[in-house]
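Just below is one structure, and these are the notes that go with it.
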Amino acid sequence: MSAENPERRAFLGKASALAAGLAIAPGVLLFGFAHGRPAGEAASGKVRWGMLVDTNQCGNGCNDCVTACNKENGLSGGTKATDSQWIRKVELKNMKGGRNLSLPVMCQHCEHPPCVDVCPTGASFRRADGIVLVDKHRCIGCRYCMMACPYKARSFVHEPLADQKPDVPRGKGTVESCTLCVHRVDRGEQPACVEACAKAGRGAILFGDLNDPESEISKRIRTVASAQIRADLMLNPGIRYEGI
Amino acid sequence: MEHCYYHLIYGDKLLSVPIRVDPWLTNSMMKTFLFVLLLAATPAWAGDSIAPKLDIGKGGQCVEDPKLMRKTHMDILRHQRDETMRLGIRDPRHSLAGCIDCHASTKNNSVLGGSENFCQGCHVYAGVKIDCFECHSSKRKTVAEATK
Amino acid sequence: MYSKVEARNFYILVAASGLITGIGLVAAWLMEEHGHIITGMNNQIVWGIPHVFAIFMIVAASGVLNVASIGSVFGKSVYKARAPLSSLLSIALLAGGLTVLMLDLGRADRLMVAMTNYNLTSVFAWNVVLYSGLFSFAAIYLWTMMDPRMKPWNKPAAFAVFAWRIILTTGTGLIFAFLVARQAYGSALLPPMFIVMSFAWGLAVFHIVQSSLYAWNGKTLDPVILQRMKNLLGLFVIATLYFVATYHLTNLYFARQDGFERFILAGGGIFPWLFWAGYVLLGSFLPLVLIFHPAFDKTRHTVIASLLVIFGSFALLYVFIIGGQAYPLSIFPGYEVTSSFGDGQIASYSPSLPEFLLGLGGLGVAFLITTICVRVLGMAPPHDIPDRRKRDTF
């Protein structure tokens, strides 16, 4: 892939430093969402948060989004079958043409999430602004949502935890998954993975309001071909992919 | 879980005892029964000498009247919890993190740890299990973030 | 009319089943204390051995009511005399299954949350209602049989139980039938398949309990009744085989699923073994020989056949539940997939002792309830007096 080419890499590095500067410092103006909601205000149904992942920019072997997620949310970063992984890098190889692809998979924040349908207590729910969350106060740890999720986006906490992040409560015996960094989004920031990807000079993940026709993500979805994974299930995920 | 509270006033001391019971038991019969039971048990623990001495952290003006907080902090927290979790209303006044920020001990920056720590001290005294800190951080946010 | 289990046997049985239950509870406590890390379950295989035990018991709890239904709904007197034992076994198995399911929860301490928050779109939430309903209906049905004043209500109660248990097993099948994510599940065939499986497994349990009770009381079952009941078991075993075959054949027909079928039926390590040797050969063909071959006409042959049917049911459930999860999800069709989270790979699962003991504990609960109630309520099956005239009635 192109990332193997050192010259191109160096160029990308410089270009991305510029891009990162653009993306982070004046991000307020660029994406028009960086003003967090006032503290006393509920999440609005007028907004639908989503992401557009450009797999052409996503690097084979780059794991920065995963590392950033683990750090932000206090995950151990372990990859045992019992460890939580909210976001993972998936390497794809087309069985016919042999084309290689690399992309992150996390909770797809569906409009019609199967996890919410099957949850017996209503612990899994979809917030008004489209973020799918687990209310751990209500989760009884039955793992039915994990059986139902077509993206295998959820993890179960198998061990007692200590020293959780104040913004990200997590506990043994409950199910968890990507929250779209809801605590950051509510403050008007971008999810940690998006920020890390920009910092790595790739800017492969675009975050924004899918309902706002003027948002960067909406504009891009209008102009380039993007796809949802398992689109056949008609769940309308909020995470879209370019180049698959 | 529903909560029942029994508060008894001795001089200027208000003792409130939260009792966790299943909702279907919170009928008047149960309350009467518990009230009688508590009256019988009262003299044993009513004295000032064994009341918990708490490190109230930064202290200062609480977001609500302390007497009200003693009685209803769990309801306030639970209400705020559902608002924040389900609706995304992040009111810092009644957030658990806000409470901890003020009341974490000046020694270990936590509301847990020993009989002087704000949450643990009183809950041990009242004999009520806290379920919050299996998932939530018990440390003052600024400190918890710095140590990560 | 009812005979009681001999006192010494009774106490031995209570102690044994109590011990099994106790060990199961200790296992559950360990899982609660340390978390599911001490089980073999993980983020890929999220449901394991406890669910095999629990689903077996819940399915059999419905099927064991066959006897009561044939007796009361279809008016066969030989079966009707066994209806109390049949209802009791249903309650006991359901209690055992639910105990396992509940104690396996990540937060078993939040039972109250589960009882007070219902998500109406969740099949699990429906099942909570269905389970409680079966308990109530079976208890009322028992009452109508044991209290002469309630006799007029016997028939309506029997119908209610009959209808409810069919709905209940449909619900159990729907738990999987609604899962579109995984290739093993998401099939409309599953609810009827579960109903037919329940007939076979429930009757197998009934045979074993009935024969044990007769043996402990030094009685023998009328050979004609034995003949009838074991033939019925044979019929249900054949029907189950038919449904299992249809399920796999329809899967093979859908091009997207043939990878999964190849895995389960041929290349998937332990799963093809359990399926062909465990379920098909030992759990179906061998029992059928024991049931239908004229050389095997003794009670013990039927008991062995029943035990084999139960063994086969565990093998089938293991393949269905664990094999169904072990095969990777098809998230990116047409691509070879790798990741740190087991994408594109067969998930591995090695059950641990605690989860196995928890499942066994559930059987202990069912065993304990049955033992105590049979004695206290006098529910042993009747000592049938051979009566030529009556034979035509079943």
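The numbers here are math on the coordinates, done by the rules we state, and not lab data. Computed from a predicted model, the values in this text were never measured in an experiment. Methodologically, a virtual Cβ is constructed for each residue, glycine included, from the backbone with ideal geometry; neighbour enumeration extends over all protein chains shown.
Sum up the lysine pairs in region B:56-148 that clear both bars: alpha-carbon distance under 25 Å and a spacing of 8 or more or different chains.
18
Residues of region C:73-97 with the amide nitrogen closer than 12 Å to a label point 7 Å from the Cα of residue C:159, along Cα-to-Cβ, please.
C:73-74
Find which of B:128, B:89, B:59 sits farthest along the positive direction of the dipole of region B:52-148, computed with +1 on the beta-carbon of Lys and Arg, -1 on that of Asp and Glu, about the Cα centre.
B:59
Could you work out how far helix A:64-73 tilts from the main Cα principal axis of chain A, as a 0 to 90 degree angle to the nearest 10?
In chain A, helix A:64-73 runs at an angle near 30 degrees to the longest axis.
Arranged by the count of other C-beta atoms within 10 angstrom, fewest first, what order do C:336, C:33, A:111 take?
Ranking C:336, C:33, A:111 by Cβ neighbours within 10 Å, fewest first, gives C:33, C:336, A:111.
Just how large is the dipole of the protein assembly as shown about the Cα centre, in debye to the nearest 20, putting +1 at every Lys and Arg Cβ and -1 at every Asp and Glu Cβ?
Around 1300 debye, computed over the protein assembly as shown.
Taking amide H positions as placed in the peptide plane 1.01 Å from N, state which residues far from residue A:168 in sequence (5 or more) or on other chains have amide H under 5 Å from it.
Sorted by chain and number, the residues that satisfy this come to none at all.
Could you tell me which of C:348, C:259, C:52 has its Cα farthest along the dipole of chain C towards the positive end, charges placed at Cβ (Lys, Arg +1; Asp, Glu -1), taken about the Cα centre?
My answer, from the dipole projection, is C:52.
Whole angstrom only: what separates the Cα centroid of region C:284-341 from the Cα centroid of region C:71-121?
Answer, in whole Å: 23.
Between A:115, A:107, A:149, find the one with the highest GNM mean-square fluctuation for chain A; connect C-alpha pairs within less than 10 Å.
Comparing A:115, A:107, A:149 in the GNM, the peak value goes to A:149.
Based on the Cβ-Cβ distance of residue C:167 and residue C:116, what FRET efficiency does E = 1/(1 + (r/R0)^6) give at R0 = 22 Å, to the nearest 0.05?
Here the calculated transfer efficiency is 0.40.
Between residue A:163 and residue B:69, what is the spin-label point distance in nm, taking each point 7 Å from the Cα along the Cα→C-beta axis?
2.9
State the answer as a single residue: which of A:110, A:157, A:61 lies farthest towards the positive end of the charge dipole of chain A, with beta carbon charges of +1 for Lys and Arg and -1 for Asp and Glu, about the Cα centre.
Of the listed residues, the answer is A:61.
Using Cβ contacts closer than 10 Å as the measure, can you line up A:125, C:159 from fewest to most?
The fewest-first ordering by Cβ neighbours comes to C:159, A:125.
Would you list the membrane-span-like helices of chain C, meaning whole DSSP H runs whose alpha-carbon atoms span at least 24 Å along their axis and whose mean Kyte-Doolittle value is at least 0.5?
Membrane-span-like by this rule: C:7-34, C:83-103, C:123-146, C:154-177, C:190-216, C:223-253, C:299-318, C:353-376.
Just tell me which lysines come within less than 24 Å, Cα to Cα, of residue A:46; anything on the same chain fewer than 8 places away is out.
Cross-link targets: A:219.
Give me the distance in nm between label points sitting 7 Å out from Cα along the Cα-to-Cβ direction at residue C:109 and residue C:298, one decimal.
Label at residue C:109, label at residue C:298, 5.4 nm between them.
Could you tell me whether the protein assembly as shown comes out rounded, prolate or oblate from its Cα gyration tensor? Rule is a ≥ b ≥ c as square roots of the eigenvalues, rounded for a/c under 1.5, then prolate if a/b exceeds b/c, otherwise oblate.
It comes out oblate by the Cα gyration axes.
How far is it, in nm, from the label point at residue A:41 to the one at residue B:124 when both lie 7 Å from their Cα along the line to the Cβ?
It is 4.5 nm.
Name every cysteine in chain A that ends up alone, with no second cysteine's Cβ under 4.7 Å, or say none.
If one checks each Cβ against the other cysteines of chain A, A:58, A:62, A:69, A:110, A:119, A:139, A:142, A:149, A:181, A:197 turn up with nothing under 4.7 Å.
To the nearest Å, what is the center-to-center distance of region C:54-70 and region C:193-239, using C-alpha atoms only?
12
According to the square roots a ≥ b ≥ c of the eigenvalues of the Cα gyration tensor, what is the shape class of region C:131-217, taking rounded for a/c under 1.5, prolate for a/b larger than b/c otherwise, and oblate for the remainder?
Here region C:131-217 falls in the oblate category.
Take the Cβ-Cβ distance between residue A:112 and residue C:262 as r, set R0 to 41 Å, and report the resulting FRET efficiency rounded to the nearest 0.05.
0.85
Please arrange C:276, C:201 by how many other C-beta atoms lie within 10 Å of their C-beta, fewest to most.
Placing the least packed residue first, the sequence is C:276, C:201.
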